[in-house]
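Structure, as structure tokens:
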Amino acid sequence: MTQHKTLRWWLLGVIITIFVSLLYTINPPETVQAQQPTGSIPTVTGTPLGPVAVAKLGMTEDINVRNYPSTLADKIGVVLTGQQVNVIGKTIAGDWLLIEYPGVQGGEGWIWALYMDVSGGEVPVVESPSTPQPKVTATIDPTLAAQFIITPNSTSLPTYTQPAPLSVPTYSSGVASTGSIPIGLIIIILIGLGAVIGMFSMLQSK
């Protein structure tokens with residue numbers, strides 16, 4: 001009896017499996033496929049930066065950016081050491097570079113070219129801006145200036161007087177003498193006489 005029940009359940013499972021297989025064969029499940037694009041895909045290309053500049057190797061200080069190409073111009077910012085900047089142009093002499101410097105009026109500034117290494121192409125020459133007028137015009141007070149003006153008084157020179165001629169003394173050569181006996185000999189005789197008298201005095205005292 002148990003064998004019959006087992007056989008019955010086995011046949012039922014086979015029939016269900018066959019039935020399900022027939023259903024999938026008659027009505028297969030739909031598969032969703034993604035639609036392939038038919039248009040062209042745009043490509044993004046980078047715009048070349050053009051000439052760029054960076055501080056020369058060994059520069060340890062930031063480089064000043066000025067509003068026109070002169071060391072007397074106002075400083076409007078700095079280029080940090082190692083910072084790369086875009087170069088727009090240069091002066092005719094090539095000693096100043098015009099760079100892009102956002103954040104200031106006009107978005108441009110000038111830096112000293114000898115501090116920078118330029119790469120990426122030839123830098124065009126641009127017209128230098130006119131030198132701006134100084135903010136304060138120096139004026140001189142004529143009253144104050146007059147105090148430092150000294151007018152020299154003209155004086156006449158004294159009349160030149162010819163000095164008296166110089167008298168040059170003359171000396172005669174030779175040894176001075178008294179009569180025919182030289183003075184030197186007289187001195188020697190006196191010294192000898194004095195020595196004899198002295199010796200004679202010493203002998204008497206003994």
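Coordinate-derived values only; no laboratory data. What you are looking at is a predicted structure, and each value in this text was computed from that prediction instead of being measured. Positions of Cβ are backbone-derived with ideal geometry, glycine not excepted, and every protein chain shown enters the neighbour counts.
Per-structure values
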{"quantity": "Ratio of the Cα radius of gyration of the range 52-119 to 2.2 N^0.38 Å, where N counts its residues", "calculated": "0.98"}
{"quantity": "Residue-count net charge about Trp96 - beta-carbon cut-off 10 Å; Lys, Arg +1, Asp, Glu -1", "calculated": "+1"}
{"quantity": "Residue order, fewest to most beta carbons within 10 Å, for Met199, Met116, Met59", "calculated": "Met199, Met59, Met116"}
{"quantity": "Student exercise, the range 52-119 dipole from Lys, Arg, Asp, Glu Cβ charges, in Debye to nearest 20", "calculated": "60"}
{"quantity": "Residue-count net charge about Asn64 - beta-carbon cut-off 12 Å; Lys, Arg +1, Asp, Glu -1", "calculated": "-1"}
